[in-house]
Structure formats: C-alpha cells, structure tokens
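Report on the structure given below.
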There are 2 protein chains.
Amino acid sequence: MAGTDSLQADKALLETALAQQDRIALDALLGKRRSADVAELLEAFVDEDDEATALALLDALPLDRGGNVFSYLCDENQQRLAAGMADQPLVMLLEEMGSDERADFFNLVGEDRREALLRRMARLEREEVLHLASYEEGTAGALMTADYVAIPVGLSVSQALMRVRQTAPDAETVYQVYILDDGGRLTGTLSLRQLIVARPGAAVAELMIRDVIHTRVDAEQEDVAKLVARYDLLAVPVVDDADRLVGIVTHDDALDVMEAEATEDIHKGMSIGQLETGVSRVPLVKLYRKRIVWLVLLVFGNLFSGAGIAFFEDTIAAQVALVFFLPLLIGSGGNAGAQAATLTVRGMATGDVGVRDWGKLMGRELLVAGALGLTMALAVAPIGVMRGGDAVALVVAISMITIVLFGSLLGMCLPFLLDRLGWDPATASAPLVTTVIDACGVVIYFGIASQLLGLG
Amino acid sequence: MAGTDSLQADKALLETALAQQDRIALDALLGKRRSADVAELLEAFVDEDDEATALALLDALPLDRGGNVFSYLCDENQQRLAAGMADQPLVMLLEEMGSDERADFFNLVGEDRREALLRRMARLEREEVLHLASYEEGTAGALMTADYVAIPVGLSVSQALMRVRQTAPDAETVYQVYILDDGGRLTGTLSLRQLIVARPGAAVAELMIRDVIHTRVDAEQEDVAKLVARYDLLAVPVVDDADRLVGIVTHDDALDVMEAEATEDIHKGMSIGQLETGVSRVPLVKLYRKRIVWLVLLVFGNLFSGAGIAFFEDTIAAQVALVFFLPLLIGSGGNAGAQAATLTVRGMATGDVGVRDWGKLMGRELLVAGALGLTMALAVAPIGVMRGGDAVALVVAISMITIVLFGSLLGMCLPFLLDRLGWDPATASAPLVTTVIDACGVVIYFGIASQLLGLG
C-alpha cells in the first residue's frame with residue numbers, strides 16, 4: 001500500500017531532476033512508480049497550477065506509459081494539460097489510451113480543438129472516437145471500450161487462442177472472448193480459462209456458452225454496474241439494436257461507476273447537486289451553486305413551520321413553556337423520518353427494495369416507528385412533568401408518538417412516490433424530509449396542545 | 001438484463017414441477033437460469049418461510065451448481081437452509097464452495113454444528129476453514145480465498161501454463177499467476193495474458209513482475225477494495241507477516257465490499273447502526289435497536305435547544321414574532337452544516353480528502369458558507385420586514401449569516417475531529433450535526449435579538 005506516502009519526497013526529487021535535466025534520475029524515479037501513482041503526482045502539480053512541471057514529467061515518460069498515466073488523470077486536469085500541449089504530441093498520447101478514455105476526453109474538449117485533433121488521427125481511431133462520442137453520457141455506450149477480443153464462430157480452439165495472442169497487447173481484457181456470427185451478432189462467449197483447458201482441435205461453436213449475459217448501448221450505467229456485480233463478471237458485452245457487438249464494459253469501470261453513484265446518492269441525500277470532481281478540487285462557484293439551490297428552497301419550506309407557529313401564537317403566548325419542547329419534537333420526527341427515507345432510498349439503489357415491496361415495508365415501518373415513538377415519548381414524559389406538569393407531559397408524549405409515526409411513514413413513502421413520478425428517489429433527501437416533517441410537526445404539536453389544554 | 005422479470009412466473013412453474021416430482025421439467029427450468037438468479041428464487045421461498053421448497057430445489061441441482069447457488073445466498077438464509085439439512089449433504093455442498101465463502105459460513109454456524117461438520121470434511125478443506133476463520137471480520141484475511149494459482153519461481157513459461165491448466169477448475173481466478181520462492185514468499189507475478197504471448201521456453205523468473213502490489217492479512221477490507229479500484233486489479237495477493245502468500249482478494253469481492261461500505265456510510269450518515277442484511281429482510285427488533293439509540297441520544301441533544309429557548313423566555317414573551325423565524329434559522333444552519341459534513345465525510349471515505357487538507361478546506365468552506373449565508377439572509381430579510389419591521393429583519397439577517405457560517409464550519413470540522421479521536425468520521429452524521437447546530441443556533445439568534453432589540 002506504499003505509493004502515496006513518499007509522494008512529497010518524490011515531488012522534491014523530481015523537481016530537482018527536471019531542473020538539472022537529469023534524464024537518468026528522472027527515468028529511475030518515474031520507472032519505479034505505477035501509472036496510477038505517477039498520475040497522482042501529476043495531479044498534485046496541476047492542482048498547484050504548475051502545469052509546466054506536470055507537462056515536463058508527462059513528456060519524460062515513454063509514450064505508451066504516458067497514455068496510461070494520462071488516462072488516470074481526472075477529466076478537469078486532462079483538459080488543463082491538453083491546453084498546454086501541441087496537437088501532434090497530444091494525438092500521439094491519445095492514440096495510446098483505451099478507446100473509452102479517449103472518447104471521454106473528446107466529449108469534453110472544445111469544438112475547434114476537437115476538429116484539429118481528429119484530423120491528425122489515424123482513420124480507425126478517428127471513427128472510433130466519433131462512434132463512441134455519439135452515445136449519451138451515463139449509458140453503457142458511453143462507458144464501453146471498443147478494445148475487446150471477438151472471433152468468428154467457425155474457428156477451432158487453437159485458432160481462437162492464436163487470435164487472442166495477436167489481440168493481447170491492445171485489448172482491455174483478453175480473458176473473455178466474444179464469438180460473432182457472420183452478421184457481427186453476439187452468439188456466444190468463452191473465457192480464456194475454458195479455451196486453455198479445451199482440446200486444441202475442438203470447435204469453438206460446440207464449446208461456447210450461447211446464453212451470454214449482455215446489455216444494450218442505451219442501458220443506464222448504474223444498471224450495467226449492477227449486472228457486473230450480480231454475476232461477478234470480468235466484463236459485460238454491449239450490443240446495439242440489431243444484437244451486433246459494439247463494445248464491452250470492464251469490471252474496473254463498473255467499480256468506478258459504483259463508487260461514483262454511491263457518492264452521488266450520498267450527496268443527493270444531503271441536498272447537494274452532482275459534483276463531477278472531488279470536493280477538494282471543485283471550483284468554489286460551482287460548489288456554491290450546487291448547495292444554494294436546495295438551501296434557499298428549504299428556507300421557503302421552513303416558512304411553513306413559521307406560519308404554523310404564527311397561527312398558534314395565542315396558544316404559545318398562553319403557555320410559553322410549550323416552546324421548550326418544540327425543537328425536540330420536530331427534531332425527533334425529522335430524524336426518524338430521515339432514517340426511514342435513507343433506508344428506503346439505499347434499499348432501492350442496491351436493488352434490495354422494489355416498488356412491489358411497498359405494502360410489506362409500510363407494515364414493518366408502522367410497527368418499528370410505533371415502538372420508536374413510544375420509547376421516545378417515555379423518555380421525554382418526565383421532563384414534561386418537571387417543566388409543565390402532568391397535562392404538558394401528556395401533550396408532549398402524545399405529540400411525540402404522533403410526530404415520529406407520521407414522520408417515519410412519510411420518510412418511507414416519499415422515495416416510492418418520487419420513483420412513481422419518474423424522479424430519482426435519492427431526491428427524497430434528509431433535509432427535504434426534515435423540512436416537511438418540521439412544518440407538519442408544528443401543526444400536530446400545537447394542535448394537540450390547544451385541544452388538550454383548552455388553549456387558543 | 002432478463003432474469004428477475006420472469007421470477008414470479010418461474011416460481012409457480014417450479015412449485016408445480018416439484019409437486020409432480022417432474023425431474024425433466026425441473027432440470028429444464030433450473031438449467032436455463034444462472035446461479036445468481038436461482039439463488040434469488042431460493043431467497044424468495046425462504047423469505048416466505050417456505051424452507052422446504054428451497055431445500056427441494058437446492059437438492060434438485062447438480063452438486064457443483066448447488067454449491068455455487070448456495071454461495072450467492074445471504075448469510076441469514078444460508079444458516080436457515082443449513083438448519084434443515086443433514087450433515088453429510090451439507091458438507092458435500094460446502095466442499096463445492098469457494099474457500100472464502102465456506103469460511104464465512106463457518107463463522108456464523110453454531111459451535112456444535114460446526115464441530116460435527118468439520119469432522120466430516122476432507123482434511124485439506126478442514127484446515128483451510130480453521131485457518132481462514134482465524135482472521136478478524138473486516139480484514140483482508142477474512143475476505144480472501146485460498147483458491148489461487150501459485151507456482152515456484154524455477155519454471156518455464158510452458159510449465160507454468162501446464163500448472164494453470166491443472167489448477168483451472170478450482171481456482172477463483174487463473175488470470176493472475178503468483179510466483180513463490182522456496183520459502184513460499186511472494187516474489188513475482190505474471191498475468192495469463194503475459195504467459196500466453198511469451199515464448200514457451202522462456203524462464204518465468206526473467207519475465208515476472210517483481211514489484212507486486214499486495215496487502216497484509218490484517219489490512220482493513222475497505223483499504224483492500226480501494227487498492228483493487230486504484231490499480232484496476234483482477235485480484236490482490238495477501239501475505240502474512242513473513243511475506244508468505246496466504247490468499248487473494250478478487251475483484252468481485254472488492255466490488256461487494258465497496259457497495260457494502262457505501263451503504264454503511266449512508267446509514268451512519270443518517271444515524272442508523274450497521275445492518276448486515278437489506279432493510280426489507282432485517283428482523284424488526286434489530287431495526288428498532290439500530291435506530292433507537294441515536295434517536296434517544298438526539299432527544300437529549302435537542303433538550304439543549306429547549307434549554308436555550310427557556311433561557312430566553314422573556315425575550316420571546318416580549319416579541320413573540322421572533323418565534324416565527326426560529327425553525328427557519330436553525331433549520332438553515334443545520335442544512336448547511338449537514339451538507340458540509342457530508343461532503344467532508346464522503347471525501348475522506350473515497351480518499352479525495354485527507355487530514356493534511358484541513359486548512360485548505362477550511363478556507364474554501366469559509367468563502368462558500370459566507371456566500372451561502374449572505375444569499376439566504378437576503379432571501380429572508382423581506383419577510384422579516386413584513387412580519388416584524390426593519391429591526392426584526394436586521395436581527396434575522398445577521399443571525400442567518402452567523403448561523404450558516406458557524407454551522408458550515410462546524411459540519412466541516414467535526415469529521416476531522418472524530419478522525420483524530422480515532423472514531424469513524426461517518427459518525428459525524430447529519431442528525432448529530434443538525435442537533436448541535438440547532439442548540440447553538442437558538443443561543444445565537446436570541447442572543448443577537450436581545451442585544452439588538454434591547455429585550456430580555
């Protein structure tokens with residue numbers, strides 16, 4: 001797990017080697033590092049606005065390693081470095097990258113530069129870029145790579161192995177071989193494991209698995225990642241509308257999607273918009289914009305709580321002690337509701353919970369929330385007695401049960417409701433649930449109080 | 001992506017085939033389904049407390065597929081089905097499973113049953129179970145499998161390929177071959193891709209990559225998963241204190257860990273304890289226990305807000321209109337703080353943010369939160385004028401900026417503080433942050449009000 005620890009030490013050494021133009025020291029320092037680690041070093045320089053050093057290091061790498069390192073950089077830093085490079089060296093670097101990473105780069109580069117770069121590219125790579133760039137962001141098509149091993153169905157095992165050997169340097173994974181019919185349609189698959197244990201003279205057509213787990217170019221990347229996880233796949237083949245194989249999504253890209261989607265859900269759960277980069281690197285204006293929209297919306301949501309309080313102003317004036325319990329009651333309802341919403345949203349995201357489970361979950365939540373409300377009512381009742389006497393204690397206890405029950409059920413239902421409306425259930429964020437329950441909690445609490453205490 | 005859709009239809013057909021003891025129909029129905037899908041069918045029966053049908057289906061599968069399907073079941077359902085099986089068939093099933101899955105099973109089974117099962121097992125598997133079971137849950141040791149391909153360093157490429165062919169049926173992955181010295185220490189690695197393109201007579205010792213990315217048995221599973229993701233590995237080898245290879249963690253297990261850890265962080269973010277099973281399946285009593293602890297703690301946290309209100313009772317009585325803005329102000333502070341905490345916690349979990357970034361993030365948060373507070377103050381000021389005049393509007397606006405700034409900085413710092421204390425930063429959950437900010441917000445608001453309005 002070394003690699004990041006000595007980053008600071010290496011940075012200084014690399015800067016010295018660059019300043020002295022000491023190629024040997026430079027090669028030694030870069031040669032012992034893995035591509036992911038060199039990329040992290042480069043990111044550190046770019047983050048300090050020292051693009052010149054990062055470019056000099058990139059230039060010092062052998063071309064194939066340079067392409068690999070460049071692939072590991074985040075989108076933003078790729079574009080910053082590309083801005084400082086001439087067209088020809090950049091094209092040479094891009095041609096060393098995987099077709100999926102290259103397409104991602106081209107999706108972000110400006111129109112003019114894009115044209116200039118494409119003109120300099122080899123025909124095959126150019127067509128691949130244009131092809132992959134045509135798929136919508138967030139789909140299997142945008143995630144897939146065109147660097148896979150596909151063979152015609154008529155080969156023998158030894159012929160197939162020969163093809164694998166020939167393709168090995170370029171393909172992202174050689175461990176799953178896809179078998180195509182004359183029309184380029186996906187008809188079967190064999191793992192390299194199956195190929196190497198098979199008799200060399202056997203026909204691929206007889207050995208191959210015909211029922212291939214696959215996905216379509218327009219499938220959502222989250223679903224593709226789930227498929228990889230569910231069936232423990234190394235890669236999942238992607239077909240077009242005519243069942244022709246057009247690419248594969250590999251396990252490492254699926255892992256990245258899984259991590260990005262989890263981050264997105266966590267951020268949504270706290271009412272933060274989508275951030276493409278890490279929080280330490282995203283521009284401040286963007287961070288502001290991603291946070292302010294929801295915050296201001298919630299301000300207006302909270303006005304309903306204020307309006308509720310204003311409506312019961314006479315009740316409050318008659319018994320100011322009630323205000324003591326206000327934050328506690330609406331806070332508890334909000335917390336229980338946010339828990340229920342979080343459990344439901346995450347359950348839906350991992351596929352554990354579906355819409356058809358709604359009735360069952362509702363029954364379960366009713367029981368659990370009832371028990372939660374009762375426990376919390378018992379916890380606050382003594383404080384009610386202390387501060388306002390038996391009558392206030394009763395009001396607080398009944399309000400607690402009602403608000404926790406109401407909040408929990410609302411928190412559980414909201415994600416289903418949003419899903420039905422075609423929205424992302426993760427939008428049922430904790431702050432939204434809390435704000436809605438706050439406003440309802442005010443009305444429930446003072447409503448019960450004014451009834452039982454004969455106020456207002 | 002088919003598979004789950006026809007689940008209900010298949011359930012009915014399977015029940016009919018079982019009732020009629022129609023082996024041919026049964027084989028046809030089960031044969032066309034993948035193991036992950038058959039496992040889902042079995043889970044559906046067990047969830048409806050119909051263990052008998054699930055066991056009958058498991059029994060109808062060929063033994064090797066049965067072991068595979070059993071591996072896909074969740075821990076709880078594995079134990080429920082095992083309870084209904086005799087020792088000998090259960091042992092035969094367990095011997096078909098991967099060594100890591102088998103060890104997980106033995107970690108959960110009761111002491112008596114464990115002894116009985118182990119006695120019936122082959123010596124090799126028995127020792128493996130005892131060995132793997134000795135590692136602490138949540139470490140690389142508990143996650144790893146012993147079914148890997150390792151070869152001595154002295155072989156040629158063709159000899160190495162022969163070994164791979166022999167090991168192919170048992171190993172979890174044959175695509176990465178680990179090379180050991182005489183003492184069983186990990187000295188190098190070669191991918192199957194490298195082996196098949198190499199000259200058959202070449203020496204493994206010359207070709208192999210000597211600097212192997214590896215981890216130790218006691219490494220945390222989250223760090224192991226990050227290693228797999230960072231370097232796009234198929235598997236990461238695990239060594240003991242003497243650098244001897246003892247197992248590998250494969251990419252699919254890393255993906256599962258990543259998903260489970262994300263769920264855990266999301267639940268912690270909403271003050272829910274750790275759930276081993278999905279929310280739709282966890283027992284109600286456990287769900288209650290996992291939620292009540294934090295809810296009751298937060299009740300007492302909220303009492304501080306109540307105490308703050310009680311302290312300013314005279315201020316409130318003198319100007320009841322102030323209460324109108326109370327939920328809005330403390331709610332906004334809580335929301336902004338929860339956003340900041342979430343961004344920091346997730347950044348720390350994905351490795352984007354480290355403790356050394358604290359100063360930089362603090363400066364960034366100061367700027368962003370200042371802008372957020374100012375915007376929100378401008379949004380509420382007109383309402384302040386409407387409901388209480390210019391003086392109240394001024395109080396509300398100043399309070400808003402102060403509370404949002406304070407809440408955001410606290411939300412950002414809390415995860416770092418917890419990390420320093422050796423706690424999981426994810427414990428800095430939104431409800432905790434919100435509750436703390438609520439109490440402080442009350443004091444800030446009424447403090448400013450009593451000063452500026454000359455009340456209290």
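Summary table
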quantity: Residue within segment A:276-289 that is among the charged types (D, E, K, R), more than 9 Å from every other protein chain (Cβ to nearest Cβ), within 19 Å of B:Leu343 (Cα to Cα) and not in a helix (DSSP H, G or I) present; calculated: yes
quantity: Residue match in segment B:137-144 (condition: more than 28 Å from the chain's Cα centre (by Cα) and either within 18 Å of A:Leu161 (Cα to Cα) or not charged (D, E, K, R) (or both)); calculated: no
quantity: Residues that are assigned to a helix (DSSP H, G or I) and more than 39 Å from the chain's Cα centre (by Cα), drawn from segment B:145-162; calculated: B:Val157, B:Ser158, B:Gln159
quantity: Among residues of segment A:178-190, those that are free of Cβ contacts under 8 Å to residues at least 60 places away in the same chain and surrounded by fewer than 17 Cβ atoms within 10 Å (Cβ to Cβ), counted; calculated: 2
quantity: Test set (1) more than 8 Å from chain B (Cβ to nearest Cβ); (2) within 26 Å of A:Asn77 (Cβ to Cβ); (3) open to solvent by 30 Å² or more (accessible area, probe 1.4 Å) - A:Gly201 fails condition number; calculated: (2)
quantity: Among residues of segment A:128-166, those that are of a type in the set (Val, Ile, Thr) and under 10 Å from A:Val246 (Cα atoms), counted; calculated: 1
quantity: Residue list for segment A:303-341, restricted to those being touching a Phe, Trp or Tyr at 6+ places or on another chain (Cβ under 7 Å), within 7 Å of chain B (Cβ to nearest Cβ) and either acidic (Asp, Glu) or open to solvent by less than 10 Å² (accessible area, probe 1.4 Å) (or both); calculated: A:Gly306, A:Ile309
quantity: Cβ pairs under 8 Å, 6+ apart, first in segment A:122-141 and among the aliphatic types (A, V, I, L, M), second open to solvent by 40 Å² or more (accessible area, probe 1.4 Å) and in a helix (DSSP H, G or I); calculated: A:Ala122/A:Glu95; A:Ala133/A:Asn107; A:Ala140/A:Gln221
quantity: Sole exception among (1) open to solvent by 20 Å² or more (accessible area, probe 1.4 Å); (2) within 12 Å of chain B (Cβ to nearest Cβ); (3) more than 14 Å from A:Phe324 (Cβ to Cβ); (4) touching a residue at least 60 places away in the same chain (Cβ under 8 Å) for A:Val404, by number; calculated: (1)
quantity: The lone exception for A:Ala341 - which of (1) within 16 Å of B:Val296 (Cα to Cα); (2) small (Gly, Ala, Ser); (3) in contact (Cβ under 8 Å) with a residue 12 or more places away in the chain it fails; calculated: (1)
quantity: Residues (open to solvent by 20 Å² or more (accessible area, probe 1.4 Å), among the hydrophobic types (A, V, I, L, M, F, W, C) and at pLDDT 90 or above) located in segment A:61-115; calculated: A:Ala83, A:Met85, A:Ala86, A:Met92
quantity: Any chance A:Asp47 is open to solvent by 40 Å² or more (accessible area, probe 1.4 Å) and not β-branched (Val, Ile, Thr); calculated: yes
quantity: Selection within segment A:218-231 - more than 7 Å from chain B (Cβ to nearest Cβ), over 16 Å from A:Asp424 (Cβ atoms) and open to solvent by 20 Å² or more (accessible area, probe 1.4 Å); calculated: A:Asp218
quantity: Single match in B:Ile248, B:Ile292, B:Ile266, B:Ile272 (criterion: open to solvent by less than 10 Å² (accessible area, probe 1.4 Å) and at the interface with another protein chain (Cβ under 10 Å from one of its Cβ atoms)); calculated: B:Ile272
quantity: Pairs with Cβ under 7 Å, 6+ apart, first in segment B:308-337 and part of a helix (DSSP H, G or I), second open to solvent by 10 Å² or more (accessible area, probe 1.4 Å) and of a type in the set (D, E, K, R); calculated: B:Val320/A:Glu313; B:Ala321/B:Arg387; B:Phe324/B:Arg387; B:Pro327/A:Asp438; B:Ile330/B:Asp438; B:Gly331/A:Asp438; B:Gly334/B:Asp438
quantity: The lone exception for B:Val395 - which of (1) at the interface with chain A (Cβ under 9 Å from one of its Cβ atoms); (2) assigned to a helix (DSSP H, G or I) it fails; calculated: (1)
quantity: Test set (1) closer than 19 Å to B:Tyr231 by Cα; (2) within 31 Å of the chain's Cα centre (by Cα) - B:Asp218 fails condition number; calculated: (1)
quantity: Some residue of segment A:362-376 being in contact (Cβ under 8 Å) with a residue 60 or more places away in the chain, among the β-branched types (Val, Ile, Thr) and either within 10 Å of another protein chain (Cβ to nearest Cβ) or part of a helix (DSSP H, G or I) (or both); calculated: no
quantity: Residue count for segment A:368-380, restricted to those that are over 15 Å from A:Ala341 (Cα atoms) and either open to solvent by less than 50 Å² (accessible area, probe 1.4 Å) or among the polar types (S, T, N, Q) (or both); calculated: 9
quantity: Condition check for A:Leu18: farther than 30 Å from A:Glu127 by Cα, out of contact with any Gly (no Cβ under 6 Å at 6 or more places or on another chain), open to solvent by less than 60 Å² (accessible area, probe 1.4 Å) and in a helix (DSSP H, G or I); calculated: yes
quantity: Counted residues, segment A:407-428 - those being open to solvent by 50 Å² or more (accessible area, probe 1.4 Å) and not in a helix (DSSP H, G or I); calculated: 4
quantity: Residues that are of a type in the set (A, V, I, L, M) and surrounded by 18 or more Cβ atoms within 10 Å (Cβ to Cβ), drawn from segment B:349-367; calculated: B:Ala349, B:Val353, B:Leu361
quantity: Subset of segment A:204-217 (residues that are open to solvent by 50 Å² or more (accessible area, probe 1.4 Å) and under 21 Å from B:Asp252 (Cβ atoms)); calculated: A:Ile209, A:Asp211, A:His214
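Table: residues versus (1) out of contact with any Ser or Thr (no Cβ under 8 Å at 6 or more places or on another chain); (2) free of Cβ contacts under 8 Å to residues at least 40 places away in the same chain.
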| residue | (1), (2) |
| --- | --- |
| A:Leu394 | yes, no |
| A:Ser399 | yes, no |
| A:Leu417 | yes, yes |
| A:Arg420 | yes, no |
| A:Thr434 | no, no |
| A:Val443 | yes, no |
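The values are calculated or read from the model by the stated rules, or taken from the named source; none is laboratory data. Since we're looking at a predicted model, the values are computed, not measured. All Cβ positions, even for glycine, are placed from backbone atoms using ideal geometry, and neighbour counts span all protein chains on display. Remember, those area values only see protein heavy atoms, side chains included, never the ligands or the DNA or RNA. Shrake-Rupley method; radii C 1.70, N 1.55, O 1.52, S 1.80 Å.
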